[in-house]
Amino acid sequence: MRTPLVLVCGQGDADGVAGTLINSPGTAVVGHEFDGHVVRRWVSILRHGELSTSEVALELTKGCVSCTVRNDLLVLLRRIHRRDDVQRIVVQLAPWMEPEPVCFAINHVRVRVGFGYPDGPASRDVEIRAVVACVDADRWLTQALGAAELDDGRTIAQVVVGQAEFADAVVLTEPERATLAVLKRLAPRSRITVGTRNLERALRHLDLHARRGADADPHEPLLAGQPPLTPEGEVALVEFSAHRPFHPLRLHSAIDSLLDGVVRARGRLWLASQPNNVVWIESAGGGLRVANAGTWLAAMTTSDLTYADRERQAMAAAHWDHDHGDRHVSMTILVCGAQPGEIVDTLQKALVTDEEFSRPEQWSGYDDPFGDWHEDPCDSAPESLDEISVQGAHESDDK
């Protein structure tokens, strides 16, 4: 049987969470620390009422701290699994480490441990039971709405929002009302506790559909977990959908509306200039990422459709269009301060007009700032929606 694994992340009371979990018999807590020179790995376990801790200094892998920690952790998990005195493993991640790529590595990255261990991912021996995000209520919401960057180019908002969104349980330092309202909508499948008193109980009663480290799928429901759809103060979930594509230049200009007073925007886009590609958009605070999320079913070959997810195909069949198949726009925007009506209006204006929609043969000629994918801030100054509308109309007339 695989050993249960819990990952702890975030800038809140991670030490308190780890300290609570280690009190359960047979729980080993693993962590890595970097002092600027050396990565040190420590393993703690409670034996006969006394805490036993071992520590090892690690050689940097290619001068990369993240690579060193990842490679060591994957091998270590497989080794700890074989210890008779360990019934559960808790990994305490560094404060700015994101749990999603760590879970992906545990589930999929093959490692070679040595004699007696078959090659394969750490998931051969451990099973991710939960991801716990530790949230500092005094600063989390400010961080989630900001645009400040870390030294490695990631924004603070992308990290703190991603940690909470991916978690199966969230531990708050205090019951801050606005933060709670955001978290209930950002991570509706998570068990949210204030302090660590009820943490073990929360882990025993996770949501039936909790992620438990599973890979994110851009084609899964955007509102999975039934978040509250009614506004709470300045906090609200905005849904936007359309069965016509975005004009790429007008969308590029409209993106600014997703970066002010917005905690998280995410969804699947249909760009007129990219008829075959599902475009994924994801913002956190002032940071934005646009990426390729695969191919629309309508653009797949018969062979490709054989391997397409059956649930995705069933959902697409319910809204299939004779001319455009399953192509659509579907977004959710979690606002905290922004005006929902203004966001919807701005996105609506970024769609192709009726005249443009009737001329699909011209879409491939539209200038596309998303051609090489996109991260904000962008070097090119966006034009206004009105200017782009006029330009788009002139282009259509000329062609």
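Listing for the model above:
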| read-out | value |
| --- | --- |
| Tensor-based shape of region 183-265 (alpha-carbon gyration tensor, a/c under 1.5 rounded, otherwise prolate or oblate) | prolate |
| Order of exposure, largest accessible area first, which applies to Asp152, Asp368 with probe 1.4 Å | Asp152, Asp368 |
| In Å, descending, principal axis extents of the Cα set of region 118-239 | 53, 36, 33 |
| Helical contribution to [θ] at 222 nm, DSSP H n ≥ 4, -39,500 (n - 2.57), averaged over the chain, rounded to 500 | -8500 deg cm²/dmol |
| Cα gyration tensor shape for region 308-352, rounded if a/c is under 1.5, else prolate or oblate | oblate |
| Percent antiparallel among DSSP beta bridges (both partners in the chain, rounded to 5) | 65 |
| Simple spin-label estimate for Asp217 and Ser66 in nanometres, 7 Å along Cα-Cβ | 2.6 |
| Candidates Leu334, Leu76, Leu145, ranked by Gaussian network fluctuation over the chain, Cα under 10 Å, top entry | Leu76 |
| Within region 157-231, trypsin sites (Lys or Arg not before Pro) in DSSP loop having at most 12 other beta-carbon neighbours inside 10 Å | Arg197 |
| Alpha-carbon Rg with Dmax, taken over region 218-287, Å | 13.3, 40 |
| Fluctuation leader among Ala133, Ala308, Ala272 - the chain, Gaussian network, Cα springs under 10 angstrom | Ala308 |
| For region 253-373: accessible area per residue (Å², 1.4 Å) | 45 |
| Candidate residues Met315, Met331: accessible-area rank, largest first, probe 1.4 Å | Met315, Met331 |
| D (Stokes-Einstein, µm²/s), Kirkwood Cα radius, the chain, 0.692 mPa s at 37 °C | 142 |
| Accessible carbon and sulfur surface of the chain relative to its total accessible area, %, 1.4 Å | 48 |
| Candidates Ala130, Ala224, Ala94, ranked by Gaussian network fluctuation over the chain, Cα under 10 Å, top entry | Ala224 |
| List Cys64, Cys134, ordered by accessible area with a 1.4 Å probe, largest first | Cys64, Cys134 |
| Beta bridges per DSSP with both ends in region 108-254, % antiparallel, nearest 5 | 25 |
| Three-way shape call for region 1-45 based on the alpha-carbon gyration tensor, with the a/c threshold at 1.5 | prolate |
| Trypsin sites (Lys or Arg not before Pro) within region 52-101, DSSP loop, no more than 13 other Cβ atoms inside 10 Å | Lys62, Arg82 |
| Cleavage-rule hits (chymotrypsin sites (Phe, Trp or Tyr not before Pro)) in region 95-171: DSSP loop, at most 14 neighbouring Cβ within 10 angstrom | Phe115 |
| Per residue, in Å², the accessible surface of region 1-80 once ligands and nucleic acids are set aside, probe 1.4 Å | 50 |
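The values are calculated or read from the model by the stated rules, or taken from the named source; none is laboratory data. All of these numbers come straight from a predicted model, not from anything done at the bench. For neighbour counting, all protein chains shown are included, and Cβ atoms are generated from backbone atoms with ideal geometry for every residue, glycine included. Heads up: the accessible areas ignore ligands, DNA and RNA and are worked out on the full protein's heavy atoms, side chains in. Shrake-Rupley method; radii C 1.70, N 1.55, O 1.52, S 1.80 Å.
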